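*Asks:* Sharing a structure below in structure tokens format, with a few things to ask.
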Amino acid sequence: MPVVDIASSPLAPGVSPVRIHYRTTGAGSPLLFLHGGWGYGIYPIDRQVAALADRHRIVIPDRSGYGGSGRIDELPADFHRRALEETRAVVDALGLERPMLWGHSDGAIVALLYALAWPDRVKGVIVEAMHYLKRKPSSRTFFEEAIRDPRSLGAGVGAVLERDHGATWPRVIELHARAWLRIADEARSDDEDFYAGRLGDVAAPVLVVHGARDPRTEPGEMDAVRRALGSASVVILPDGGHSPHSERATADTVTTLVDTFLRT
């Protein structure tokens, strides 16, 4: 699979060059998919790729620490902003001109931060299973258990993660869970968000796709997103969980929503 070298990345301090593995298919206007905290393999966009590749060049990079990209020793609490800088470097290295960004979970945070940082360099933003609040009290036990025993996620999940990350996949899960606990502990209040109160400043068109059954969403969190984003299209799927694009009950609906948004 292809790789691209970037001069440096704040996710991999002291490393130069930083080698980023990516998947790519299709032709046309660029669509950059940014994966969540467990990597791309566990929640792939296979169905959407099949529907969109005739009109879009779809690029799916592995962030540092994931998949075929270089390993990292730590995932700090500010990893989303570090991933933002890495993403910008990857976009430049691949020559992606004003890509449409599609971010899932942690990738959704990165996509929105990108649109805030460089509004003239993004065509639009699709965010799925997005996070708004830094503190996730309903998820704390989940993260603590993932640290204590990543294999408690189940043999099936472990097998998928091993295919993506290799034998060190438990470390990937542990680093991610520890980072989220640090994010919560370092937040100044229960209402502190990832966007410094600036989410409403996103100028690009935004489509929000969210599962009503997403276990990583706090009560009232999506209401806060609606208020902050104002004119964005927000679609809550009653049968959706944390990955509507890859779940049987919602995948086709997500494909249609994304396709329609990309055509506007």
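The values are calculated or read from the model by the stated rules, or taken from the named source; none is laboratory data. What you see is a predicted model, and the numbers here were worked out from it, not measured in a lab. A quick note on method: Cβ atoms are made from the backbone with ideal geometry, for glycine too, and the neighbour counts reach across all protein chains shown.
*Asks:* Quick check: is even one residue across the stretch 223-235 among the aliphatic types (A, V, I, L, M) and farther than 22 Å from Leu113 by Cα?
*Replies:* no
*Asks:* Output the number of the condition that Glu128 fails; it satisfies all remaining conditions of (1) in contact (Cβ under 8 Å) with a residue 24 or more places away in the chain; (2) among the charged types (D, E, K, R); (3) loosely packed, with under 12 Cβ neighbours inside 10 Å; (4) closer than 26 Å to Ala251 by Cα.
*Replies:* Condition (3) is where Glu128 drops out.
*Asks:* Considering only the stretch 6-25, how many residues are among the hydrophobic types (A, V, I, L, M, F, W, C) and either at pLDDT below 95 or outside any loop (DSSP other than H, G, I, E, B) (or both)?
*Replies:* 3
Rundown of residues vs (1) surrounded by 19 or more Cβ atoms within 10 Å (Cβ to Cβ); (2) in contact with a Gly (Cβ under 9 Å, 6 or more places away or on another chain); (3) in contact (Cβ under 8 Å) with a residue 60 or more places away in the chain; (4) not aliphatic (A, V, I, L, M), yes/no style:
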| site | (1), (2), (3), (4) |
| --- | --- |
| Ser138 | no, no, yes, yes |
| Phe142 | no, no, yes, yes |
| Arg148 | no, no, no, yes |
| Val157 | no, no, yes, no |
| Glu162 | no, no, no, yes |
| Ala167 | no, no, no, no |
| Pro170 | no, yes, no, yes |
| His176 | yes, yes, yes, yes |
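*Asks:* Of all residues being farther than 20 Å from Gly28 by Cβ and touching a Phe, Trp or Tyr at 6+ places or on another chain (Cβ under 8 Å) in the stretch 81-102, which is surrounded by the most Cβ atoms within 10 Å (Cβ to Cβ)? Just the residue, please.
*Replies:* Looking at the filtered set, the residue picked out is Thr87.
*Asks:* Can you name every residue in the stretch 28-51 that is touching an Asp or Glu at 6+ places or on another chain (Cβ under 8 Å) and surrounded by fewer than 22 Cβ atoms within 10 Å (Cβ to Cβ)?
*Replies:* Scanning the stretch 28-51 gives Gly28, Pro30, Gly41, Ile42, Arg47, Ala51.
*Asks:* A follow-up question, please. Counting just the residues of the stretch 211-234 that are under 24 Å from Leu52 (Cα atoms) and touching a helix residue (DSSP H, G or I) at 6+ places or on another chain (Cβ under 6 Å), which one comes out surrounded by the fewest Cβ atoms within 10 Å (Cβ to Cβ)?
*Replies:* It comes out as Val234.
*Asks:* Return yes or no: is Ser138 outside any loop (DSSP other than H, G, I, E, B), more than 22 Å from His245 (Cβ to Cβ) and not charged (D, E, K, R)?
*Replies:* yes
*Asks:* What is the residue count in the stretch 168-189 for residues that are of a type outside the set (D, E, K, R), assigned to a helix (DSSP H, G or I) and within 15 Å of Ala77 (Cβ to Cβ)?
*Replies:* 8
*Asks:* Still on this structure, I have one more. Determine which member of the set Arg71, Arg63 is touching a residue at least 40 places away in the same chain (Cβ under 8 Å) and crowded, with 21+ Cβ neighbours inside 10 Å.
*Replies:* After applying the criteria, what remains is Arg63.
*Asks:* While we're on this one: Given the options Glu145, Glu186, Glu162, name the one that is charged (D, E, K, R) and within 27 Å of Trp102 (Cβ to Cβ).
*Replies:* Result: Glu162 is the single residue among Glu145, Glu186, Glu162 that is charged (D, E, K, R) and within 27 Å of Trp102 (Cβ to Cβ).
*Asks:* Let me ask another. Quick check on my filter: what residues within the stretch 55-102 are within 14 Å of the chain's Cα centre (by Cα), part of a helix (DSSP H, G or I) and of a type in the set (A, V, I, L, M)?
*Replies:* Ala83, Leu84
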